[in-house]
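J.: One structure, pasted below without further comment.
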Amino acid sequence: MKQQVSDYMLERLREWGIHRVYGYPGDGINGLIGAFDRAAGDPEFIQPRHEEMAAFMACAHAKFTGEVGCCTATSGPGAIHLLNGLYDAKLDHQPVVAIIGQQKRISLGAHYQQEVDLVSLFKDVSEFVEVCMAPAQARHLVDRAMKTALTARGVATIIVPEDVQESPAEPSPPKEHGAVYSSVGWS
């Protein structure tokens, strides 16, 4: 089986030193939940009682270890529940990366089940918030999120539609006009 975007994202997080992710499962992150199972415990998936606690745990992880904390939640109300813990990270200047599921790309804008405008919702709490709309973006977005969380000492958010999570990974994105990766990121 070819590596999926969700597997690649976890691999990239692991390369950045993330070995524990706090989160609560849901339909919008089924691809990530499967990737955690295939990752065989690295990164470890820690499931609290709800998403709000996952964000608080990621913030506490950052506070007590000096590392970047990481949390995940599904789309809609699950993502909304992360906000309280992420504001704690923002206000205490703690580096936290949030990976949030979203409905499939084809459903966006159709008022599909529990669809929320996540970019608008997370704009205030995050120093960086972007949607991974294509598999080739995954590497760049994980790298930018980690760099931003570390340098800005704040929250960085990556939103990943369910169909992108389950798409074949593109670890080496194409090098063409309009899609050039530099030492600072994509340009």
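J.: Scale the Cα Rg of the chain by the rule-of-thumb value 2.2 N^0.38 Å and send over the ratio, two decimals. Intermediate results must be reported in sequence, preceding the final value.
T.: Numbers: Rg = 15.0 Å, N = 187, 2.2 N^0.38 = 16.1 Å.
Normalised by 2.2 N^0.38 Å, the Cα Rg of the chain equals 0.93.
J.: HN-Hα J couplings of region 22-39 from phi, Karplus 6.51/-1.76/1.60, θ = phi - 60°, integer Hz, Gly and Pro as x?
T.: Result, ordered by residue: 9, x, 10, x, x, 3, x, 10, 4, x, 5, 4, x, 5, 4, 4, 6, 6 Hz.
J.: Where does the chain land at 222 nm, in deg cm²/dmol rounded to the nearest 500, when only DSSP H runs of n ≥ 4 count, each adding -39500 (n - 2.57), divided by all residues? Could the numbers behind the result be given before it?
T.: On the way: 7 runs with 74 residues, N = 187.
Taken over the chain, the calculation gives -12000 deg cm²/dmol.
J.: If you don't mind, another one. Given the Cα-Cα distance of ARG38 and LYS123 and 0.36 nm per residue of separation, how much length would full extension add, in nm? Working shown, then result.
T.: Values: separation 85, 0.36 × 85 = 30.60 nm, distance 3.16 nm.
This chain segment gains 27.4 nm when fully extended.
J.: Where in region 106-125 does the amide nitrogen come within less than 16 Å of the point 7 Å from the Cα of ALA134, taken along Cα to Cβ?
T.: 106
J.: Hey, another quick one. Set the bar at 22 Å for Cα to Cα. Now go through LYS90/LYS147; LYS63/LYS147; LYS63/LYS90; LYS104/LYS175 and name every pair that lies beyond it. If you can, show how the numbers build up before the last one.
T.: On the way: LYS90/LYS147 15 Å; LYS63/LYS147 17 Å; LYS63/LYS90 12 Å; LYS104/LYS175 26 Å.
The pairs that break the limit, which is 22 Å between Cα atoms, are LYS104/LYS175.
J.: Same structure again: Which far-off residues, 5 or more places away or on another chain, put their amide H under 5 Å from the one on THR157, with H placed in the peptide plane?
T.: The list, which skips near neighbours in sequence, is ALA98, PHE128, VAL129, GLU130.
J.: Around ALA156, what is the net charge, scoring Lys/Arg as +1 and Asp/Glu as -1 over all other residues with Cβ under 10 Å from its Cβ?
T.: Working: positive: ARG144, LYS147; negative: GLU127, GLU130.
Neighbourhood net charge equals 0.
Since every read-out is calculated from the coordinates, none of them should be taken as a lab result. Everything numeric here is computed off the predicted structure, so don't read it as measured data. Positions of Cβ are backbone-derived with ideal geometry, glycine not excepted, and every protein chain shown enters the neighbour counts.
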